[in-house]
């Protein structure tokens, strides 16, 4: 049943991404356009229904019966608890994610506002050069519901498929039944997956497409069904459209699909249709537009031009590998709460001034850590790393008899992820880069758990208790999540801050819980200062500016136009912009008086947002009215 659901998910995802690009080309990215497209897709599926392997009703009922039996075992029950807690947090809280609010949601709203994808007039180049796969899943939901409250369901639905996909891939790679079963549940409780399961981040979403691409491609060897081959191709294509950092994972699909490559050429017409479909839903359209507008496939040149002091691309692959060999373990071993982050980051800044440290200046902020784990910083998690280390060490004791033999094909698939990791380390030097590896982590474990001793180890009661404790700790993280806490965090931390005013740890904790609330409060004040009948509002900001989505509310009624520093004053008047919101991030260094003098504006309101409790991260928000408008 699980693979049947995955097949439907891949097909639905491909339809939504394809619809976004096709309707944009026709300038019909609106409700009517989606309605016609969905009706046409339904007609095509109806005529091709016999060629598609839909989940059978009998299989569905058997799956429900198996699911009910599994709940009698603690590991599946714990996963269900994690998923339920995640769902509750998604229902209780409006979505909030710094990157998503900075460019993912705004770019979707700009596309819907002009009823097509377009190169947006903005200083935030990520709105143009980043992959669009996640955004095309979001667009119809925002368009039809006119709210962002249901968007968490995209990540949550994909999270439910994770244990089954992990188990399927592990079995296909030769892992023993019990080992694959236990580790499928354990890895699904990884911090990056749990904390993003009800968020609007798109890092963990990539692992579902990567696992599906490998699982379906390998299934073709067993079943001989060509449909799985093409669905695997679509899954790999969708993977490349989520994030550019996930593109290397398509190499896993290529390796897994290679033994069944003759299927691709058996029917030239089908091959042509599926190849075009795969290109359409992949990262290729974004790459083409990046070439046309920036001259590079990834748009790095545009980002570097806008942020000359921001090191975006590593200078040396060699030092990138060396640096990440240190930085990735540091981030991976970070405990849930780390109040010494300030001292650590200062030490890293000093290190960069040394002759050896100078090799790592091309990293965004080499060695930097946050004061705790959040959905923007979490990797697979310290708990799972500790369980893995214990398992590898102890499994040697139970290694008896001849070593397990694997086919060359399985060995190649087990080793390939490590080669892809080296490519990642050579190219990616961004801060918090462990979350970018969310699509990779699962594929590292088949080679780590290859020893036959793990079969005996997973039967040990003490090991099972440690595993269940590890999963339970992920539930604690969900409760304490700074973005969507499942307890009255603001009240509790405020009371503790009053009782212990000199405690730096409590101050940091309180600031972390208040960060998203501070932005939401500012959004509310901001909307109250702008007349509701203003159909077009200007927005001037760069960097991680996160207030734009609130200006679009209610979705479909008001439009927002980005204002950049090169815009002449007369252009705003021609556009009919009367009010401009200026978000002055510390990196922006905007002189509000000079700005108002240049654009002949008057100050209406001024607000300050203090992020994460640090004075150095105070963000000023100005609302100005253009005089004469």
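The DSSP beta bridges internal to the chain are antiparallel in roughly 70% of cases. Once the Cα-Cα distance is subtracted from the 0.36 nm per residue extended length, the residue 591 to residue 150 segment shows a gain of 154.9 nm. Considering only C-alpha atoms, what is the centroid distance from the range 452-474 to the range 521-548, in Å? About 50 Å separates the Cα centre of the range 452-474 from the one of the range 521-548.
Helix 317-332 versus the longest principal axis of the chain: what angle, 0 to 90°, nearest 10, using Cα atoms? Long axis of 317-332 versus the principal axis of the chain: about 90 degrees.
Highest average first, the peptides 378-384, 563-569 ordered by how many other beta carbon atoms sit within 10 Å of their residues are 378-384, 563-569. For the range 514-626, the square roots a ≥ b ≥ c of the C-alpha gyration tensor eigenvalues yield an a/c of 1.5 or more together with a/b not exceeding b/c, which makes the shape oblate. With a simple spin-label model that places each label point 7 Å from the Cα along the Cα-to-Cβ direction, the separation between residue 8 and residue 487 comes to 3.8 nm.
From most to least packed by mean Cβ count within 10 Å, the peptides 499-511, 159-171, 185-197 give 185-197, 159-171, 499-511.
Calculated on C-alpha atoms, the gyration radius of the chain divided by its Kirkwood radius gives an Rg/Rh of 0.97. For the chain, the longest principal axis of the Cα atoms and the long axis of helix 489-499 meet at an angle of about 70 degrees. For the chain, the longest principal axis of the C-alpha atoms and the axis of helix 226-242 are separated by about 30°.
Each label was represented as a point 7 Å from its Cα along the Cα-to-Cβ direction; for residue 31 and residue 84 these points are 3.7 nm apart. So if we plug the beta-carbon distance of residue 276 and residue 536 into 1/(1 + (r/R0)^6) with R0 = 45 Å, what FRET efficiency do we get, rounded to 0.05? Computed FRET efficiency for residue 276 and residue 536 comes out at 0.75. The helix-only estimate of mean residue ellipticity at 222 nm for the chain, built from DSSP H runs of length n ≥ 4 each weighted as -39500 (n - 2.57), is -18500 deg cm²/dmol after division by the residue total.
Counting neighbouring Cβ atoms within 10 Å and putting the fewest first, the residues 21, 111 line up as 21, 111. Fully extending the segment from residue 553 to residue 605 would add 16.8 nm, taking 0.36 nm per residue of separation and subtracting the current Cα-Cα distance. With each label modelled as a point 7 angstrom along the Cα→C-beta vector, the residue 325-residue 447 pair spans 1.5 nm.
Centre-to-centre separation between the Cα atoms of the range 67-101 and those of the range 350-426: 26 Å.
Once C-alpha pairs closer than 8 Å and six or more residues apart are averaged by separation and normalised to the residue number of the chain, the relative contact order reads 16 percent.
For the peptides 140-150, 214-224, the ranking by packing is 214-224, 140-150, with the highest mean count of neighbouring Cβ atoms within 10 Å listed first.
The numbers here are math on the coordinates, done by the rules we state, and not lab data. Note that this is a predicted model, so its numbers are computed, not measured. Note: ideal-geometry Cβ built from the backbone for every residue, glycine included; neighbour counts use all protein chains shown.
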